[in-house]
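The values are calculated or read from the model by the stated rules, or taken from the named source; none is laboratory data. In this text, all values refer to a predicted model and were calculated from it rather than measured experimentally. Because the Cβ atoms are built from the backbone with ideal geometry, glycine has one as well, and the counts that use them run over all protein chains shown. With ligands, DNA and RNA removed, areas are computed over all heavy atoms of the protein, side chains included. Shrake-Rupley method; radii C 1.70, N 1.55, O 1.52, S 1.80 Å.
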Amino acid sequence: MNAPRLSIIPARAATDPALKPRDLQVLCVLGRHTDELGWCRRSQVRMAREMGCARSTVQSAIGRLVRQGYLEQYVQESESGRDGAHLYRVILDPVHAALDTVQGDETDEPEEAGVCETSSKLACLSVGTPAGIPAPPAGPESAPPAGPGPAPMLTTPINDPLINEREGACGREQKKDDPTLVKHLPAAKANRVFNAVVEGWPGNKAASLEAARREFNRLTPDEQQDAADKRDDWIAFRKSQGRTMVEAPSKYLAEKLWKQVPVEFADEAKEDKPIIAAKFGKMWGAVRFSELLKPPAWFDQRLTMLQEDFVAKGLETRQSILLKRQAERGWPTVNSMHEAAIRRHRDWSGDAGLAPLLNAFVQVHKGSDIWLAWKQLHTDRGWPWLGEDRDCPPFVWMPAPSGDPPDYPTPTDAVRAAMARFETEHAALTQKDAAE
């Protein structure tokens, strides 16, 4: 009986064709636990258990809700460095996409001279006894009977088409020429830009995010984008001054602190800034295969007594056991890339020198014949595979052969040709860099 009775979510989600039924269910689950500011902290594993689905399903739904502007998500890490229960905010009132369409109050007092004509008409309609003067007594005669025709319609500014047309045109012209009106970004893009400002902020706490959101909404779109683009430069600049702590995001936005970064410092930071390799993308794949082409790290090649027994009984070969162990311990950097991408949903640092190799990458869809051929190649070479198929995205960028895969007799031949091409181009690029 202690379960929440209500779920507070935006009504527009109920009829949004961009949302799937599971997205709406996830939004309702989060809406059951929000505080007065719309925030809650929920575990995706627990949410999946409550809805009877996989965690990946919950993650996909949350991703769509964030992209459509219904949700904000902030990743939280525990002291051990692993992901904890994330923070979420259900967005009930997104930034209005067209502020000039918001209806005003018909009874507002006029502020411009152009509306005086309307005001005089309103005054003319106020027929009666002025305040402070008693009304005369009513006469003994009765009111005349109503005529057979319809009662005359009193023309007021509400139903006068000439007045409405004139006022509407005047209002539109004023809004069009008013330089003080601030145009806002679409809600979904505004959320992405705001997240780019606050995510990963040193010492960031959930309590300061609401204040940061208020200050963010006061900025123009150009200022919002500048705050996101120059955030890392400003943090690096403050640390270069010996500051161990930086100001809160709300102060950074309110005082527009990114403008304090010297131009020379921003240029140097831009040159030293590493390239982001999006998980499972082209650059990510180029970094991964470049690491796999390096010799494996040392690992103990002695078999356990149980493994020796398996070999003696013919259940496994010594070579297969050593290849599995090599895949587990031979390339720790590659295993860390897999862990960051699959378990922690994070990108990796790229290498600008690998850019010439990116044109030779193509999408390989999970479960396809080419996918299975790549998986077998990793097994044969003792390379670590991406992980369980259920944890992988629908497709991953992999090296491509010189021709189309159908040009080769089998998918295995196509994958071997693709790997040979990558090795050749990678070696040529390495030699070129060494010569320079």
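Before moving on, here are some points about what is shown:
- Per-residue ³J(HN,Hα) for the stretch 59-68, Karplus 6.51 cos²θ - 1.76 cosθ + 1.60, θ = phi - 60°, Hz, x for Gly and Pro: 4, 5, 5, 5, x, 5, 5, 5, 5, 8
- In this rough spin-label picture, where each label sits 7 Å from Cα along the Cβ direction, the Ala188-Ser368 distance is 2.6 nm.
- Loop sites in the stretch 1-77: GluC sites (Glu not before Pro), DSSP, at most 16 other Cβ within 10 Å: Glu36
- Kirkwood Rh, angstrom, the stretch 317-391 [1 / mean 1/r, Cα pairs]: 14.1 Å
- Prolate/oblate/rounded label for the stretch 299-436 (Cα gyration tensor, a/c 1.5): prolate
- Within the shell of other residues whose beta carbon sits under 10 angstrom from the beta carbon of Leu219, the net charge comes to -2, with Lys and Arg scored +1 and Asp and Glu -1.
- Amide hydrogen proximity for Ile276: with H placed 1.01 Å from N in the peptide plane, the residues at 5 or more positions away or on another chain lying under 5 Å are Gly350.
- Applying 0.36 nm per residue to the separation of His345 and Ser320 and subtracting their alpha-carbon distance, the gain on full extension is 5.9 nm.
- This model, with +1 at the C-beta of Lys and Arg and -1 at the C-beta of Asp and Glu, gives the stretch 327-369 a dipole about its Cα centre of some 160 debye.
- Convex hull volume of the Cα atoms of the stretch 217-260, normalised per residue: 60 Å³.
- Note on Cys53: accessible area approximately 30 square angstrom, rounded to 10, probe 1.4 Å, nucleic acids and ligands left out.
- Shape of the stretch 1-67, Cα gyration tensor, a/c cut at 1.5: oblate
- Length gained on full extension, Arg46 to His33, computed as 0.36 nm times the residue gap minus the Cα-Cα distance: 3.4 nm.
- Point-to-point label distance, Lys259-Asp391, nm (Cα→Cβ direction, 7 Å offset): 4.7 nm
- Projected label points at Arg22 and Glu423, each 7 Å from Cα along the beta carbon direction, are separated by 4.0 nanometres.
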